[in-house]
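One structure is given below, encoded as structure tokens.
Every read-out reported here was derived from the displayed coordinates using simple, explicitly stated rules and does not represent laboratory data. Just so it is clear, the model here is predicted, and its values are computed rather than measured. With ideal geometry, Cβ positions are generated from the backbone for all residues, glycine too; neighbour counts draw on all protein chains shown.
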Ligand SMILES: [Zn+2]
């Protein structure tokens, strides 16, 4: 167990998280503002714009995973 290696991994995870969280926030804010997306149960029921934002989130999520 080396402290240096643990620190490096943690830094990489934190950096990868940021675009993912930003993409999720953009989608979440859209669902609150968009009349069509307000009552949806899943992102698949969103309007085209909402699905685009969700796709961007999924992409960022996959990049970070
Ligand atoms: Zn929408």
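Extending 7 Å from Cα along the Cβ direction at residue 38 and again at residue 22 yields two label points whose distance is 2.9 nm.
Ranked by the mean number of other Cβ atoms within 10 Å of their residues, highest first, the peptides 43-54, 27-38 come out as 43-54, 27-38.
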